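The values are calculated or read from the model by the stated rules, or taken from the named source; none is laboratory data. Just so it is clear, the model here is predicted, and its values are computed rather than measured. Every residue, glycine as well, gets a Cβ built from its backbone with ideal geometry; the counts of neighbours run over all protein chains shown. SASA here: full protein model, heavy atoms, side chains in, ligands and nucleic acids out. Shrake-Rupley method; radii C 1.70, N 1.55, O 1.52, S 1.80 Å.
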Amino acid sequence: MINVGVNINALRVQPDLRGDSILLTQLDGTYAAQCLARLNDPETRRLTGTHDEFDLEQVRAWHRGLAGRDDRADWVILHAETGEFLGDVSFNVVDVANRSAQFRIALAAAAPGRGYGTSATRLVLDYGFDVVGLHRVGLEVFDYNPRARRVYEKCGFVAEGVKRQALRWDGEWHDVVVMAALATERGRPG
């Protein structure tokens, strides 16, 4: 495949990204136990629409398989001063030909409402547009998560449409809002 402007090496080995109060570092097995606790937290499961259950060995195996991939980039979110685990964030489903990726973030139960999600989202978007060379970053957010939607809008994501009744949670159907941010709308070359 011809590289049309995506820096594949920037996906294979992600550098640390620093914000005012957070540090993003490449996700590996170091934080498997914390990621498992987050994955199994009922509120996190609801906000991410996660129906599957995981065990520690599954999470460790997944983390071990992340290094060197060129179809995604994954970071753990840590408090810059204390090293407290705050969650993880990633680009996945990277489409080199179309210079696009999907964005995903999941915060630990104690992290929401403290600005960490906004900071992590901005750091990862800047990296994606400026270093990886992405043109478009998309995401999906459930209709019952307006806090996340406000964060995404603050970071430059625009609602593009709705997948009607695409998630069934606790016996009820929910819409999924499709959003995207474009490099050209953030003042970067597209």
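Computed from the alpha carbon positions, the gyration tensor of the range 5-51 leads to an equivalent ellipsoid with semi-axes of 26, 15, 12 Å, biggest first. With the convex hull of its Cα atoms as the shape, the range 37-82 has an orientation-averaged projected area of 4.6 nm². Once each part is reduced to its C-alpha centroid, what is the distance from the range 65-101 to the range 3-24 in angstrom? Measuring centre to centre over Cα atoms gives 8 Å. The accessible surface of the range 1-73, taken with every protein chain in place and a 1.4 Å probe, is 51 percent carbon and sulfur. With helices as the sole contributors, the chain gives -7500 deg cm²/dmol at 222 nm; each DSSP H run of n ≥ 4 counts as -39500 (n - 2.57), and the sum is divided by every residue.
Principal axis extents of the C-alpha atoms in the chain (largest first, rounded to whole Å): 43, 38, 34. Given R₀ = 25 Å, what would the calculated FRET efficiency be for VAL158 paired with ARG12, taking r from the Cβ atoms and rounding to 0.05? Approximately 0.25, to the nearest 0.05. With the alpha-carbon atoms of the range 90-186 aligned to their principal axes, the span from lowest to highest coordinate is 42, 31, 20 Å, starting with the largest.
What the phi angles of the range 40-57 give under the Karplus curve with 6.51, -1.76 and 1.60, with θ = phi - 60°, is a coupling list of 8, 5, x, 5, 5, 4, 5, 5, 9, x, 8, 8, 6, 10, 10, 10, 4, 5 Hz, glycine and proline written as x.
Summarising the label geometry, the points placed 7 Å from Cα in the beta-carbon direction at ALA97 and GLN58 lie 3.2 nm from one another. For the pair VAL131 and THR30, what calculated FRET efficiency results from E = 1/(1 + (r/R0)^6), where r is the Cβ-Cβ distance and R0 = 22 Å, to the nearest 0.05? For THR30 and VAL131, the calculated efficiency is 0.40. Rolling a 1.4 Å probe over the heavy atoms of the protein chains gives the range 123-182 an accessible area of 50 Å² per residue.
Subtracting the Cα-Cα distance of ASP170 and ALA110 from 0.36 nm times their residue separation leaves 19.3 nm of extension gain. All distinct Cα pairs of the range 26-105 go into the 1/r average, and the inverse of that average, the Kirkwood radius, is 13.6 Å.
Rounded to a whole number, what % of the accessible area of the range 115-166 do carbon and sulfur atoms account for, probe 1.4 Å? Looking at the range 115-166 in its full context, I get 46 percent from C and S.
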